[in-house]
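The values are calculated or read from the model by the stated rules, or taken from the named source; none is laboratory data. Values in this document were obtained by computation on a predicted structure and should not be read as measured data. All Cβ positions, even for glycine, are placed from backbone atoms using ideal geometry, and neighbour counts span all protein chains on display.
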Amino acid sequence: MINRSLAPEIRSIDKINITTPLSIVMPNGIHCQVIRAGKEDVVRVDIIFGSGKWDEAQPMQALFCNRMLREGSARYSSSEIAEQLDFYGAWLELTVGSRHSYITLYSLNKYFQQTFAVLSSLLLQPTFDEKRLETVIGNNLQLMHINMGKVNYMAHRAFRNCIFGDNHPNGVIVTDKSYNDITRECLLDFFKKNYYFGNCSIYLAGNVTDNIISHVEKVLGTDAWGDTTVVNEHKSHEIHTTKDKRRLVSVANTMQSCVIMGYPIIGYAHPDSYKLKVLMTVLGGYFGSRLVQNIREEKGYTYGIAGGITNFPDTGVLIISSETATEHVDDLIREVYHEMDLLQNELISDSELNMVRNYMTGDLCRSYEGAFAQSDAWIFIDTNYLNKDYFQLSLEAIRSVRPDELKQLAQRYFDSNKMIEVVAGN
């Protein structure tokens with residue numbers, strides 16, 4: 001019997017064990033990564049195309065091209081796609097990032113051939129039905145209008161625009177016209193240029209059997225598919241960060257204001273990024289952080305505040321965000337600068353650093369339990385063009401970083417003069 005009165009032994013973590021995928025090159029050249037883990041008869045398929053928002057000719061072209069795939073194919077109508085997936089207990093996700101578009105299917109093993117038939121039909125023979133497109137655009141336009149009454153949405157939208165500029169795909173502010181300019185023809189154009197076998201990779205995770213691999217190869221990995229006569233040339237985009245210190249965004253009839261602060265900073269590929277992540281966790285990356293203890297617990301200005309670095313293909317962005325009563329906006333911003341100043345001038349205590357180390361190592365372990373989470377880890381590494389030992393290097397940085405190194409990093413990368421303040425509210 002386990003003695004419940006005794007706490008379990010605390011042990012340090014020396015290594016992050018993430019299953020190395022089996023790498024397969026299919027006959028038509030598609031690279032397939034297979035992670036066999038878990039006893040449940042469930043499998044996940046991720047089909048990833050190397051094109052996203054950065055490859056658009058107009059705003060939201062990539063988003064709606066991806067989203068419309070589930071709205072009908074030559075074999076299934078939109079309602080039949082939904083019914084088939086529901087009947088077989090499957091789940092389909094469609095998402096778009098800066099440089100990649102993702103199609104993800106969760107399926108029971110015993111129905112994999114049926115559910116993969118649905119997936120392959122919408123990938124190989126989408127119809128981009130105009131009536132369905134009109135409905136989808138109308139629903140999303142209505143959702144945008146609803147979100148424009150929310151301070152969080154408006155602040156994040158304005159912040160991205162401040163960081164990247166009007167013409168950058170990550171900074172463009174969409175309007176009603178942006179939605180109305182989406183046509184079937186522009187979606188077909190994006191699909192033809194980007195959704196083809198040579199721009200595709202596949203990840204299989206879960207209880208992946210040889211039969212499943214063979215079936216995927218038979219359907220998508222044997223012959224060439226897609227239109228390869230017109231291939232998109234991947235674009236580069238210049239960042240034009242605003243010189244304004246503060247941007248105010250008016251949102252009527254709101255009780256609180258959303259405050260987002262930040263500026264461009266180093267990305268994943270920089271050697272300092274591993275230990276800088278520890279510093280950002282100390283500042284605002286968990287519930288015991290400096291910002292939470294000061295601004296939530298002591299001052300009572302907010303229910304929650306967080307800080308971290310969000311990475312984009314060309315840069316990282318330091319972001320601190322919170323919501324507060326309008327009368328406390330300036331007080332909150334002042335305390336953020338105060339906590340950054342303390343980290344630049346005072347050494348963090350060993351006890352606080354050890355607490356952060358324990359939190360971050362535990363979070364690393366929790367984040368990569370199970371086949372699907374480990375598949376996410378490899379997709380993250382591959383789509384961000386990182387070294388295969390990224391997570392082990394992260395763990396080593398967490399374990400080895402010293403208080404004086406964190407102070408030096410704060411002096412190097414914290415800069416109140418660069419900070420852009422966006423406030424959305426009444």
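Brief remarks on what is shown
- Of residues in region 254-281 being over 19 Å from the mean Cα position of the chain (by Cα) and of a type in the set (D, E, K, R), the one farthest from F312 (Cα to Cα): K275
- Tabulated pairs, region 1-25, first closer than 30 Å to D223 by Cα, second of a type in the set (A, V, I, L, M) and at pLDDT 80 or above, C-beta under 6 angstrom, 6+ apart or interchain: T19/I35; T19/A37; P21/V34; P21/I35; L22/V34
- Helices (runs of 4 or more DSSP H) completely within region 328-398 that count 3 or more residues being in contact with a Lys or Arg (Cβ under 8 Å, 6 or more places away or on another chain) and of a type outside the set (V, I, T): 329-345, 371-383
- Here the helices (runs of 4 or more DSSP H) wholly within region 7-125 that include at least 2 residues being over 24 Å from G226 (Cβ atoms) are 78-87.
- Subset tally (residues that are without any contact (Cβ under 8 Å) to a residue 40 or more places away in the chain and surrounded by fewer than 16 Cβ atoms within 10 Å (Cβ to Cβ)) for region 149-179: 4
- For region 365-385, the set of residues classified as over 19 Å from G38 (Cα atoms) and at pLDDT below 85 is empty.
- Matching residues in region 386-398 - criterion: being surrounded by fewer than 17 Cβ atoms within 10 Å (Cβ to Cβ) and farther than 19 Å from C32 by Cβ: L386, N387, D389, Q392, L393, E396
- Each residue in region 51-74 was checked for being under 14 Å from V174 (Cα atoms) and acidic (D, E), and 1 pass.
- Close pairs from region 73-93: first of a type in the set (D, E, K, R), partner surrounded by 15 or more Cβ atoms within 10 Å (Cβ to Cβ) and not in a strand (DSSP E or B), Cβ under 7 Å, at least 6 apart: R75/S121
- Residue within region 60-71 that is in the same structural domain as H100 (by TED's automatic domain parsing), of a type in the set (G, A, S) and under 23 Å from the mean Cα position of the chain (by Cα) present: yes
- The selection criterion, being closer than 22 Å to L220 by Cα, at pLDDT 95 or above and part of a helix (DSSP H, G or I), does not hold for F128.
Okay, residues lined up against (1) closer than 14 Å to I163 by Cα; (2) crowded, with 18+ Cβ neighbours inside 10 Å; (3) modelled with pLDDT of 95 or more; (4) not small (G, A, S):
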residue	(1), (2), (3), (4)
K277	no, yes, yes, yes
V282	no, yes, yes, yes
F287	no, no, no, yes
V292	no, yes, yes, yes
I295	no, yes, yes, yes
G307	no, yes, yes, no
F312	yes, yes, no, yes
V317	yes, yes, yes, yes
I320	yes, yes, yes, yes
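- Failed criterion for I182 (all others in (1) touching a Lys or Arg at 6+ places or on another chain (Cβ under 9 Å); (2) crowded, with 21+ Cβ neighbours inside 10 Å; (3) in a loop (DSSP other than H, G, I, E, B); (4) of a type in the set (A, V, I, L, M, F, W, C) hold): (1)
- A count restricted to region 234-268 and to residues that are in a strand (DSSP E or B) and among the hydrophobic types (A, V, I, L, M, F, W, C) stands at 7.
- Residues (in contact with a Lys or Arg (Cβ under 7 Å, 6 or more places away or on another chain) and either of a type in the set (G, A, S) or surrounded by fewer than 15 Cβ atoms within 10 Å (Cβ to Cβ) (or both)) located in region 105-144: S121, Q125, E130
- Of all residues in region 207-239, those satisfying the criterion of being within 25 Å of K53 (Cα to Cα), of a type outside the set (D, E) and out of contact with any helix residue (DSSP H, G or I) (no Cβ under 7 Å at 6 or more places or on another chain) are T229, S236.
- Taken over region 345-383, the criterion of being farther than 13 Å from T19 by Cα, surrounded by 18 or more Cβ atoms within 10 Å (Cβ to Cβ) and in contact with a Pro (Cβ under 8 Å, 6 or more places away or on another chain) is satisfied by I348, L353.
- Among the candidates V174, V216, V208, residue that is in the same structural domain as K131 (by TED's automatic domain parsing), in contact with a Pro (Cβ under 6 Å, 6 or more places away or on another chain) and either under 30 Å from L364 (Cβ atoms) or not polar (S, T, N, Q) (or both): V174
- I30 more than 20 Å from H215 (Cβ to Cβ) and β-branched (V, I, T): no
- Where a residue in region 137-148 is in contact (Cβ under 8 Å) with a residue 12 or more places away in the chain and its partner, wherever it lies, is exposed (fewer than 10 other Cβ atoms within 10 Å of the Cβ) and of a type in the set (S, T, N, Q), with Cβ under 8 Å and at least six apart: none
- Among the residues of this structure, L94 does not count as one that is at pLDDT 95 or above, out of contact with any His (no Cβ under 6 Å at 6 or more places or on another chain), crowded, with 20+ Cβ neighbours inside 10 Å and not acidic (D, E).
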